[in-house]
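These notes concern the structure reproduced below.
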Amino acid sequence: MAKNLRPSWDEYFLSIAELVSKRSTCLRRRVGAVLVKDKRILATGYNGAPSSIEHCDKTGCIREKLKVPSGERHELCRGLHAEQNAFLQAALHGTSLKDSTLYCTTQPCVICAKMIINAGIKEIAIKGDYPDKMSKRLLREAKIKVRMLGAALVFLAFCQSTSADGLDALIAVGKSQGEIARSHAQETRNYESVKAAIERGALKKGMPKDSIRKLYGDPVIEFNDANAGKEKWVYKDAAGTFFDGMKIYLIFDAAGNLEDTQIVEKKERRKEVTSI
């Protein structure tokens, strides 16, 4: 009889957060949040305009119009963050968040971090990073545990993906060695697909990132360069470490369209693959 491969609790709740994020109407970044205690869901939320207010997909994004970088000037936005909406849902129904865990598709900003601290949330599990250093400092100072989940996201940036310590670190967040091997194999397949597309000229300037993801799979890491106002994706060959392995950068403009591609050889020797 075939073994039933059930997701871990982390995978289960994070996948729900990802599903919740699909309700978002934010033009920049869709975020989902799920609050959990004792393996029970307390509240969910996604980012978007307040109730009875027109959504940003109709009015346009004020942050884009003003060219506000990610992670800055949070007050210049018509929407609430996913975490804030989850907190408000809990408050509306009289649900305490003390000692709960927040699952979120993106690291909370500093405003949400302050709410998390005062709400008594004990732990945060996230998939993606966000360029807000003050948020990280406050959460660290408040001794709130922050865990990065997903396919070796930040972990790959710091240690050897095939080392014993690396395997232990990934197993500690709910991934078996078989799952790790499958994850690495998928990373390499995605990397090779993107590399081949670049070499044959299939990746063209102006392609939307959603189309690229659909055609070539998820990158290993997605992050925003706040200073340049651009988003960058990294596709990586799973062989070797993050720093000395082969990888490809896709660089997107503020509208989420492909602006440039770069391939990086071992030891960060960067080579322009194509001008698009």
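The values are calculated or read from the model by the stated rules, or taken from the named source; none is laboratory data. This is a predicted model, so every value here is computed, not measured. Don't worry about glycine lacking a Cβ; one is built from the backbone with ideal geometry, like all the others, and counts go over all protein chains shown. Only protein heavy atoms, including side chains, enter the accessible area calculation; ligands, DNA and RNA are left aside. Shrake-Rupley method; radii C 1.70, N 1.55, O 1.52, S 1.80 Å.
It is to be established whether one or more residues within the stretch 130-153 are modelled with pLDDT under 50, part of a loop (DSSP other than H, G, I, E, B), in contact with a helix residue (DSSP H, G or I) (Cβ under 7 Å, 6 or more places away or on another chain) and open to solvent by 30 Å² or more (accessible area, probe 1.4 Å). Spell out how you get there, then give the answer.
Applying the first criterion (modelled with pLDDT under 50) to the stretch 130-153 yields 151-153.
Next, only the ones that are part of a loop (DSSP other than H, G, I, E, B) stay: 151-153.
If we keep only those that are in contact with a helix residue (DSSP H, G or I) (Cβ under 7 Å, 6 or more places away or on another chain) too, we end up with 151-152.
Filter once more, so that each one left must be open to solvent by 30 Å² or more (accessible area, probe 1.4 Å): 151.
For the stretch 130-153, residues modelled with pLDDT under 50, part of a loop (DSSP other than H, G, I, E, B), in contact with a helix residue (DSSP H, G or I) (Cβ under 7 Å, 6 or more places away or on another chain) and open to solvent by 30 Å² or more (accessible area, probe 1.4 Å): present.
Do any residues in the stretch 190-206 that are free of Cβ contacts under 8 Å to residues at least 24 places away in the same chain have Cβ atoms under 9 Å from those of residues that are among the β-branched types (Val, Ile, Thr), where the two are at least six apart or on different chains, and which pairs are they?
What qualifies is Ala197/Ile212.
Based on what the data block shows, is Pro50 in contact (Cβ under 8 Å) with a residue 24 or more places away in the chain, under 22 Å from Tyr130 (Cβ atoms), over 22 Å from the mean Cα position of the chain (by Cα) and open to solvent by less than 80 Å² (accessible area, probe 1.4 Å)? Outline the logic, then answer.
Working: in contact (Cβ under 8 Å) with a residue 24 or more places away in the chain: yes; under 22 Å from Tyr130 (Cβ atoms): yes; over 22 Å from the mean Cα position of the chain (by Cα): yes; open to solvent by less than 80 Å² (accessible area, probe 1.4 Å): yes.
In short, yes.
Go through Ala255, Ala238, Ala228 for me and flag whichever is modelled with pLDDT under 85, under 22 Å from the mean Cα position of the chain (by Cα) and surrounded by fewer than 16 Cβ atoms within 10 Å (Cβ to Cβ).
Working: Ala255 fails: modelled with pLDDT under 85; Ala238 fails: surrounded by fewer than 16 Cβ atoms within 10 Å (Cβ to Cβ).
Selected residue: Ala228, the only one of Ala255, Ala238, Ala228 that is modelled with pLDDT under 85, under 22 Å from the mean Cα position of the chain (by Cα) and surrounded by fewer than 16 Cβ atoms within 10 Å (Cβ to Cβ).
Hey, can you tell me all the residues within the stretch 53-95 that are in contact (Cβ under 8 Å) with a residue 60 or more places away in the chain and open to solvent by 70 Å² or more (accessible area, probe 1.4 Å)?
Within the stretch 53-95, Lys67, Glu72 meet the criteria.
Name the residues in the stretch 96-135 that are in contact with a strand residue (DSSP E or B) (Cβ under 8 Å, 6 or more places away or on another chain) and either free of Cβ contacts under 8 Å to residues at least 60 places away in the same chain or charged (D, E, K, R) (or both), would you? So that I can check it myself, show each step before the final result.
Residues of the stretch 96-135 that are in contact with a strand residue (DSSP E or B) (Cβ under 8 Å, 6 or more places away or on another chain), as a first pass: 97, 99-108, 116, 121-131.
Listed by number, the residues that qualify are Asp99, Gln107, Pro108, Ile116, Lys122, Glu123, Ile124, Ile126, Lys127, Asp129.
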